[in-house]
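K.L.:
Before I ask anything, let me first share the structure, which is written out below as structure tokens.
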Amino acid sequence: MKKLLLLFAVMFSMMGAWAQTEVIQTSTNVGSPEHVFELKNANGWVMAGTTGSTGTGTTPGKFAFFAGTVDGAFKVYSIDEAKWVSYTKKSSYPNGENFAVLIDSQTDAMEWNFAVVQRSGADVYQIAPYNTTGVAGKYWNYYNGTSATHNTIGLYQVGAASDAG
């Protein structure tokens with residue numbers, strides 16, 4: 001199984017070495033995805049299939065990526081939950097309050113922009129939803145950081161390239 005260490009826009013200080021960022025390969029078969037990935041931030045916190053953080057050294061969720069309608073767009077599928085990672089599509093988003101939701105319909109699932117940016121000399125992914133006017137100016141981030149009480153993906157204004165941690 002291939003592992004994808006997507007180092008996304010989670011706002012933490014850097015601890016430890018960066019892992020290599022894998023190239024996203026798309027799957028075409030929802031019932032048996034050809035390429036399976038794990039999502040991990042720079043501090044080693046892995047994302048569960050429910051989009052919550054599970055900490056370090058814990059079992060990560062399994063995800064597959066399916067091609068979107070424009071270059072750089074992907075639909076994200078939680079293999080563990082057999083659901084699509086989505087948001088309610090809007091013209092703009094406030095910080096933190098918009099949480100990722102899991103939905104049944106691939107057709108209705110949000111498309112995500114995965115852009116490779118440089119941070120501390122390493123390539124990392126910066127993930128943003130497409131809104132009604134293009135790529136939203138907000139990025140994936142654990143809501144209020146990683147903890148037992150705040151552990152789902154929300155959106156935040158600072159991207160991976162410029163986040164000071």
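The values are calculated or read from the model by the stated rules, or taken from the named source; none is laboratory data. Predicted model, so just to flag it, every value in this text is computed and none were measured. SASA here: full protein model, heavy atoms, side chains in, ligands and nucleic acids out. Shrake-Rupley method; radii C 1.70, N 1.55, O 1.52, S 1.80 Å.
K.L.:
Per residue and in cubic angstrom, what volume does the convex hull of the Cα atoms of the range 20-133 have? Spell out each step's value before the answer.
P.N.:
On the way: hull volume 13.8 nm³, N = 114.
Dividing the Cα hull volume of the range 20-133 by its residue count gives 121 Å³.
K.L.:
Can you give me the solvent accessible area of Thr88 with a 1.4 Å probe, rounded to the nearest 10 Å²?
P.N.:
Probe radius 1.4 Å; accessible area of Thr88 about 100 Å².
K.L.:
Rounded to whole Å and sorted largest first, list the principal axis extents of the Cα atoms in the range 77-137.
P.N.:
Extents along the principal axes: 38, 29, 20 Å.
K.L.:
Hey, another quick one. Check which residues have an amide H placed less than 5 Å from Ala73's amide H, if you skip close sequence neighbours.
P.N.:
The answer is Gly68.
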